[in-house]
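The values are calculated or read from the model by the stated rules, or taken from the named source; none is laboratory data. Source: prediction; values computed, not measured. Note: ideal-geometry Cβ built from the backbone for every residue, glycine included; neighbour counts use all protein chains shown.
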Amino acid sequence: MRAPQQSLDQRLARFVRDRVEPALVADRAGVRVTAWPAPFEPVPFDRAVERTFGPMPEGTAWGSAWSTLWMRVDGRVPDAWAGAGGRVELRVDPGFAGDGVGFQVEALVYDDSGRVLKGIEPRNDRVRVPAAPGESFTVFVEAAANPDVLDGESFTPTELGRRQHAGDPLYRRGRIELVRTDEDAWELARDIETLWGLTRVLPEASSRRARVVAALHAAMDAVDPGDVRAGVAEARRILAPVLAVPAEGSAHRVYAVGHAHIDSAWLWPTRETVRKCARTFSNVLALMDEDPDLVFACSSAQQYLWVKEHYPDLYQRIRERVAEGRFLPVGGMWVESDTNLPGGEALARQFIEGTRFFLEEFGVESSVVWLPDSFGFTAALPQIALAAGAESFLTQKLSWNETNAFPHHSFLWEGIDGSRIFAHLPPVDTYNSQLSQDELAYLAGNFSQKGEATASLVPFGFGDGGGGPTREMMAAARRAASLEGSPTVRHADPAVFFADAQAELVSPPVWAGELYLESHRGVYASQARTKRANRRSEHLLHEAELWAATATVRTGAPYPTERLREAWRLVLLNQFHDILPGSSIGWVYDQAEEEYRQVAAWTQEIISSSLDALAAAGTGPAVPAMANAGPFPIAGVAPFSVGEVHAEADEVTCERADDGWVLQNGSLRACFDGHGLLTSLVDRRGGEEYVPPGQRGNLPQLFVDAPRRFDAWDLDAEYRHTARDLAEATSVAPLPAAPGEVGLEIERVFGDSRLRQVVRLHAGRSALQIDTEVDWHERQRMLKLAFPVDVHTASARSEIQFGHIDRPTHENTSWDQARFETVAHRWVHVADAAVGLGVVNDAVYGHDATRHARPGGGTYSRVRQTLLKAPLFPDPEADQGVHRFTTVLVPGDLAETIREGYRTNLPLRPVTSAPVAPLIRASEGSAVVETVKLADDGSGDVVVRLYESHGARATVRVAADFPCAGAVATDLLERPLGDADPTRPRAWDAGDVRLSLRPFELVTLRFRRADVARG
Ligand SMILES: [Zn+2]
C-alpha cells in the first residue's frame, strides 16, 4: 500500500468509527420485548400472535437450528422527538453473528395487524415504526434461527443441513431499541464512503485524487471531537465541490439494476426461501417507498407464487410496483434453473411456465434471460430462449472460470442450430454488487468491449441468501451519477440496458457453442438419486401428456391440465441451480425425493387411466399389447400408438468360451472374460470389432474425489491420477434361460460397497444392455464406468436438449484441457467416417470422452460414464445407499443411437388393449417428435413439438390422425409465429404439414381440431 494512502486510510477509519458513526443516532428510547419460541416449523402471523409472549431480556440465548422466535415489541415514540428531525426507526438485533447477510439469523417485522413492514438483516437492521411522536406502537418480529452452514467456506461436514428438532441455541437476543437518526451525519458518512473509494482507485499522480484527498482532510479538520454534530454540515460543505465535479466524457456507463439473488433452495430448504422472499421483497418495497430511483429486477415465477400464497398483502403491493415498471419480473423462467441437466422439453417448460405466469399475473413479458449464477449454459439455450420470446441473455457465472478468462462481456451467443442471442456478462464479476467505487473502477477496466462500447449492467444488492439493495447502495449510486474519476451510474430496467448496448455495439463478437463453466464439474453427478428422478419424471410427464392427449381426442376423457401443471412445476422447481446439480443441504434432497414420488404417482395415474380409457374405447378386442410412447417404432409398434409386438425371428445364445462367456444374437457378438469385463464386441452385420486391442470394456473405476473447495460442486483435475480399476469380480454367472434374452450376472465388492451388474442381449435387438446396481457406501470417492471404443475420432457427440454437441476428445488447447468432465443427456456417440458406437444411459449425465494410443497404431476413444460421487459438503450423506443405472451399447450410426436413447428412456409399456392409432404421424427421417400434448389454453388443440436431430437439413411431413381444421407454427407459448421468414409457410389448411428444417431446428405446431366447439 502507498504510504500517503495508508495514512489517509488510518485517519478516515478512525474518524468514521469515532466521530461519524456515533453521530448517526441522535436519540434513543427503550422498548418492551416479549417473545414466544415457535415450534420447529414456521407458523403464520395470525396463529403466532395469539400465543402467550413471555419475558425475553437482551442476551437471552435462543434458537436451535431452523427454529423461529416471535418477538412482540411495544414502544412509544417520545413526545420530545416531535419536530426534532431525523428518521424514527426501530433497530433490531435478533442476535447477529457478524455482518454476513443471508447466511445466519434473519427477521421479518409485521405491524400489529399482520401487515409485513420490512426484513431485518445485519446490514439493514432498521424499520420505520408505525407511530408519530407521542404515540404508542406494537410490532412483531419473526426471527429465523437459520444456521451458517457454510461456516466461512470451510467446507466442514455438518449435520446442520438436515431437518432437526433440537440442538443448542445458536443466537443471543441483541439490542432492540427505538432510535432517532441524524440524517446529516448519515449523508456525511455516504460522502466519505464515495470519496474515500475514489482515493483508492484513482492514479496516485492524478490531480483529481490529490484534490479529493485534500478535501477529505479539510472535512475531518472541520469536525471538533467535542461537538461532532456541529461540524457535520461544515464537513459536507467542504466535500460538496469535489462531489460536484462531473464525470469525464469517456467515462464508462453503468446501468444499475437493483437485485437480490435468492437461491430457491441451497443451504436452506424451500420453506425458508419462502420467508427469504418476504424479507427481501418487503425491504425492496420499503426502499421504493422512499426512493423513487430504485428499480428492482426479480426472476423466478416460483418465488412470486410463494409470496402470492403466503403473503397476499405483500404480493398485492408487488403487483402495484410491477404495474409502475419498477419491480421488474425478469428471466421468464419458472426458476433460475440449471441449463445443462434439464431435458429439452423441461428446459422449454422452464420458459413456458415462467413466461405464462408473468403474463397471467402481471401482463408483462420479460425479454431478458436472467441466469446470473447457473453452472454453465447449454448450446441449446439460444434457440429455446428465442422461441420463448426472449431477446437477450445475462449471466455472471463465467467469471468463475478457473483456467481461461472468457473473452467477451457483450457478444452474440450462437447455439447449435445457429440461433444468436445478444449476451452480457456483467464485467463487475459479481451479482451482489454494493456499487462501491472499488467495484465500479474494476468493472470499467475489466470490460472487454471497452474499445467499441461504453456500457455495462451491474446487478446490485445483497444476494444468494437474499437481502437486496439498501439505502447505502442507493446513496452510492446517487453520488456516482456523474462524478469525475468514476463510471457514471443510472438506475435502469435491464431491457433498457440491452436495447442500448445492442444499438451501440455495431458488430459484436460471436461465441458459438456451449458456455462451459470451467468449475463445478462435479454437479453432473452429485446427488445421483435426484438426477435419476429428474430423468424419470421428464419421461413420465412425456408419457402422461401423450396418452392423456390421445385419450381426450379419441375418447373425450377430460384432459388433466391442472394436475399436469402441478407435476411440471415440481419438476421445474427441482431443476433449480442448486437442487438438481447436487449442491444443496440434505434437507433439500429429502424433500426433492418426496416431490418426485408425488410426480411419479400423479403421472402413473394419468398414464394408467388414459391407457385404460383408450383400451376400453378401441374397436377391436383387447389383447396383450404394448404402448409405445417414443417417437420411433419398437418391435413393430408404431410411435405414439398401442399395438401388438411383432418380434423378428432371431436366435440369441450364451456360451462358455475359454474362461469367459460369449453372448450372441443375429447382429451382435459380445465376449466377456471371467471377471465380467467386455473383451470383444462385434457387429456381425459388418464384422466391426469395437473393443480396442488389449482393452476391456464395462470396467468400473474408483477414484479419490476430494476437491480443494466446494465438495459437491467440484471435480478437480487431479482425480484422474487416482484411478483404481475394479476389475476383479466375486462372481460371474449366466442368467437363467428366458425367452428371447440371454445374460450374465456379475458381482464386485470394493471398500464398503457392492456392485452388481446384469448384462443382457435380446433377440432381434442390436444393443447390449448393462444394468448396474451399486450399494454405495464410500466417502470422497467417485465411480465411473469405462468403455474403450476402437474408433479414431477428433470429437465425441453428446446429446443435449433438442440435438447434440461435438466436443474434442483431444487436449490441444487450454480450453480443451479444462473441459475434462462434460454433460450428456441420453447418449454419447463416438464414430469415425464409417462406424460408430453409442453409449446410452437412463440416468447418467456426467461423462468424459478421451483418446488414447492404440496398440498397433492410431488412437482409440474411451467413453466413461460418471455414475457416483460421495461429497461430504454440504450434505455429508450425499449419495449413500443403493443406485441403479442402465447403460446400452449401440454399434452403428448416430440414428441408431438416437433411437436407442429414446427406447431406453421410454420403454414399451405392457397393456391389455385394442390397438390405438397415434394422434400424430411423422415421416421417417432425422426430424424427431419430442412432445405431443393438448394446448395450454384449454382449446383442445393438439400441440406437437419436433426438432431436427442429426444436425442436417431435413424435410418432414407431420399428419394429424383426427379431424383437423388446419395447423399453425407457433412459439413455445403456442402463439402463432409472425411472418419473419417469408420463405416458408406458417399455416396449413389441413392437418397435413410439410416442413423443411434447418439443422437442429426446433418447431412447435398447433393442430386445430375440427370436432371441438369453441367458445
Ligand atoms: Zn445461486
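Here are a few things to note about the model shown:
- Listed by first and then second residue, the pairs linking a residue in segment 998-1015 that is more than 24 Å from Gly803 (Cα to Cα) and modelled with pLDDT under 95 to a residue that is assigned to a strand (DSSP E or B) and not charged (D, E, K, R), with Cβ atoms under 6 Å apart and 6 or more places separating them unless they lie on different chains, are Ala1010/Cys964; Ala1010/Ala965.
- Within segment 286-299, the set of residues being touching a Lys or Arg at 6+ places or on another chain (Cβ under 7 Å) and free of Cβ contacts under 8 Å to residues at least 40 places away in the same chain comprises just one member, Met288.
- Residue count for segment 848-884, restricted to those that are crowded, with 21+ Cβ neighbours inside 10 Å and in contact with a helix residue (DSSP H, G or I) (Cβ under 8 Å, 6 or more places away or on another chain): 9
- Of Ala647, Ala670, Ala657, all but one fail to be of a type in the set (Gly, Ala, Ser) and under 30 Å from Ser610 (Cβ atoms); the exception is Ala647.
- Residues that are of a type outside the set (Gly, Ala, Ser), in contact with a Ser or Thr (Cβ under 9 Å, 6 or more places away or on another chain) and either assigned to a helix (DSSP H, G or I) or surrounded by fewer than 19 Cβ atoms within 10 Å (Cβ to Cβ) (or both), drawn from segment 163-196: Gln164, His165, Asp168, Pro169, Arg172, Glu193, Thr194
- Members of segment 366-382 that are assigned to a loop (DSSP other than H, G, I, E, B) and either touching a strand residue (DSSP E or B) at 6+ places or on another chain (Cβ under 9 Å) or modelled with pLDDT under 95 (or both): Ser366, Ser367, Leu371, Pro372, Asp373, Ser374, Gly376, Thr378, Ala379, Ala380
- Subset of segment 565-595 that is free of Cβ contacts under 8 Å to residues at least 60 places away in the same chain and either part of a helix (DSSP H, G or I) or more than 16 Å from the ligand (Cβ to nearest atom) (or both) - its residue that is farthest from Leu868 (Cα to Cα): Glu566
- Among the residues of segment 719-739, some residue qualifies, meaning at least one is part of a helix (DSSP H, G or I) and touching a residue at least 60 places away in the same chain (Cβ under 8 Å).
- Which numbered condition Pro631 fails, given (1) crowded, with 19+ Cβ neighbours inside 10 Å; (2) at positive phi: (2)
- You will find that of Val928, Val958, the residue that is closer than 29 Å to Arg529 by Cβ and of a type outside the set (Gly, Ala, Ser) is Val928 and no other.
- Exclusive hit being closer than 20 Å to Ala738 by Cα, away from the ligand (no atom under 16 Å from the Cβ), in contact (Cβ under 8 Å) with a residue 24 or more places away in the chain and part of a strand (DSSP E or B), set Ala625, Ala647: Ala625
- Remark: pairs (first residue in segment 480-492, closer than 10 Å to Ala256 by Cβ; second residue acidic (Asp, Glu) and assigned to a loop (DSSP other than H, G, I, E, B); Cβ separation under 9 Å; 6+ apart in sequence or on different chains) = Arg490/Asp293; His491/Asp293.
- Residue match in segment 389-403 (condition: within 16 Å of the ligand (Cβ to nearest atom), in a loop (DSSP other than H, G, I, E, B) and more than 25 Å from Thr822 (Cα to Cα)): no
- For segment 740-750, residues that are more than 23 Å from Glu821 (Cβ to Cβ) and either not charged (D, E, K, R) or not in a strand (DSSP E or B) (or both) total 6.
- Look at segment 348-372: where a residue is without any contact (Cβ under 8 Å) to a residue 40 or more places away in the chain and a partner is more than 16 Å from the ligand (Cβ to nearest atom) and among the β-branched types (Val, Ile, Thr), sitting 6+ places away or on another chain with Cβ atoms under 7 Å, you get Glu365/Thr355.
- Counting only strands (runs of 3 or more DSSP E) that sit wholly inside segment 901-1009, those with at least 1 residues that are more than 30 Å from Glu360 (Cα to Cα) are 909-913, 920-922, 927-934, 942-948, 954-960, 992-997.
- All positions within segment 743-792 that are more than 33 Å from the chain's Cα centre (by Cα), surrounded by fewer than 23 Cβ atoms within 10 Å (Cβ to Cβ) and more than 24 Å from Gly674 (Cα to Cα): Gly764, His792
- Some residue of segment 300-309 being away from the ligand (no atom under 16 Å from the Cβ), more than 20 Å from Gly102 (Cα to Cα), touching a Pro at 6+ places or on another chain (Cβ under 9 Å) and touching a residue at least 40 places away in the same chain (Cβ under 8 Å): yes
- Members of segment 457-488 that are within 23 Å of the chain's Cα centre (by Cα) and either away from the ligand (no atom under 15 Å from the Cβ) or in a helix (DSSP H, G or I) (or both): Leu457, Val458, Phe460, Pro469
- Within segment 197-217, the set of residues being out of contact with any helix residue (DSSP H, G or I) (no Cβ under 7 Å at 6 or more places or on another chain) and assigned to a helix (DSSP H, G or I) comprises Ser207, Arg208, Ala210, Ala214, His217.
- Answer residue from segment 652-664, given it is touching a Gly at 6+ places or on another chain (Cβ under 7 Å) and part of a loop (DSSP other than H, G, I, E, B) and is nearest to Arg909 (Cα to Cα) among those: Val652
So that you can scan it fast, the table gives a plain yes or no per residue for (1) closer than 29 Å to Arg748 by Cα; (2) under 45 Å from the mean Cα position of the chain (by Cα):
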residue: Ala649; (1), (2): no, no
residue: Glu655; (1), (2): yes, no
residue: Asn665; (1), (2): yes, yes
residue: Asp673; (1), (2): yes, yes
residue: Gly676; (1), (2): yes, yes
residue: Val682; (1), (2): yes, yes
residue: Glu689; (1), (2): yes, yes
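- The set of residues in segment 868-902 being of a type in the set (A, V, I, L, M), in contact with a His (Cβ under 7 Å, 6 or more places away or on another chain) and under 23 Å from Arg720 (Cα atoms) consists of Leu868 alone.
- Of the residues in segment 965-987, none is at pLDDT 95 or above, among the charged types (D, E, K, R) and farther than 19 Å from Phe351 by Cα.
- Residue that is nearest to the ligand (Cβ to nearest atom), among those in segment 240-272 that are free of Cβ contacts under 8 Å to residues at least 60 places away in the same chain and surrounded by fewer than 22 Cβ atoms within 10 Å (Cβ to Cβ): Gly249
- For segment 386-405, filtered to residues that are free of Cβ contacts under 8 Å to residues at least 40 places away in the same chain and in contact with a strand residue (DSSP E or B) (Cβ under 8 Å, 6 or more places away or on another chain), the residue that is surrounded by the fewest Cβ atoms within 10 Å (Cβ to Cβ) is Leu386.
- Residue match in segment 381-388 (condition: out of contact with any helix residue (DSSP H, G or I) (no Cβ under 6 Å at 6 or more places or on another chain), within 16 Å of the ligand (Cβ to nearest atom) and under 19 Å from Pro459 (Cβ atoms)): no
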